[in-house]
1. Could you tell me whether region 108-130 includes any residue that is closer than 18 Å to LYS77 by Cα and surrounded by fewer than 18 Cβ atoms within 10 Å (Cβ to Cβ)?
2. Could you list, in sequence order, all residues of region 10-28 that are closer than 18 Å to ILE79 by Cα, of a type in the set (A, V, I, L, M, F, W, C) and in a helix (DSSP H, G or I)?
3. Among the listed residues LYS31, LYS4, identify the single one that is surrounded by fewer than 22 Cβ atoms within 10 Å (Cβ to Cβ), of a type outside the set (Ser, Thr, Tyr), assigned to a helix (DSSP H, G or I) and modelled with pLDDT under 95.
4. For region 49-144, please list each of the helices (runs of 4 or more DSSP H) lying entirely inside it that holds at least 3 residues being farther than 24 Å from PHE3 by Cα, in contact (Cβ under 8 Å) with a residue 40 or more places away in the chain and of a type in the set (Ser, Thr, Tyr).
5. Among the candidates LEU39, LEU30, LEU63, which residue alone is hydrophobic (A, V, I, L, M, F, W, C) and touching a strand residue (DSSP E or B) at 6+ places or on another chain (Cβ under 8 Å)?
Amino acid sequence: MNFKDLLERGIVEKFTPDAEQIQTLQERALKDLASARALGGSDPEWVYVISYEAMLRAGKCLLLAKGYRPRGRDIPKAIITAMSAVGGEPLKALVNLMDLMRRRRAQALDEMNRPIPRYEGEQALEHAEKFVTHALRLARKSNTQLTLFR
C-alpha cells in the first residue's frame with residue numbers, strides 16, 4: 001500500500017503541515033518515552049500505555065511531516081495502517097507490534113482484571129524507543145524544519 005491507496009481508502013488526506021504542530025508531536029513523543037522510563041517497573045500498565053502513546057505521536061508526526069494526516073473515526077488505527085504503508089521495512093515489524101499494543105492497551109484500560117505484567121511493560125518501552133527513534137528520524141528527513149529545533 002502507498003499514499004495513493006491510503007488516500008483512495010480515506011485513511012489519510014493531504015495536509016499542509018504546520019512546523020509547530022509537527023515539532024510539538026515530536027517533543028511530546030520524546031516526553032512520553034521519558035515518562036515511561038521514569039515509571040520503570042513501578043506501574044507496568046502505565047508504562048505500556050505511555051509507550052504506545054509515544055509511538056502513536058511519533059507516527060502522526062511522520063505522517064504530518066510527509067504532508068498527510070490521518071482521518072476517519074478511528075485515528076489510532078488510521079495512523080497504524082498508514083505507518084505500515086510508509087514506514088518501510090525497519091518499521092514494519094514494529095508497526096505490527098504497535099497494532100497489538102493498541103488492542104492490549106484497550107483491554108488493560110477497559111478490563112481491570114487483566115493487568116499488564118512488568119515484562120510486557122518493559123517490552124513495550126523497548127519497542128516504543130526503537131519505533132519513535134526511527135519514525136522521528138524519517139520525519140526529520142521529510143521535513144527539514146524539524147532539524148532546526150533539535
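1. yes
2. Listed by number, the residues that qualify are ILE22, LEU25.
3. After applying the criteria, what remains is LYS4.
4. Those helices (runs of 4 or more DSSP H) do not exist here; none qualify.
5. LEU63
The values are calculated or read from the model by the stated rules, or taken from the named source; none is laboratory data. Computed from a predicted structure; not experimentally measured. With ideal geometry, Cβ positions are generated from the backbone for all residues, glycine too; neighbour counts draw on all protein chains shown.
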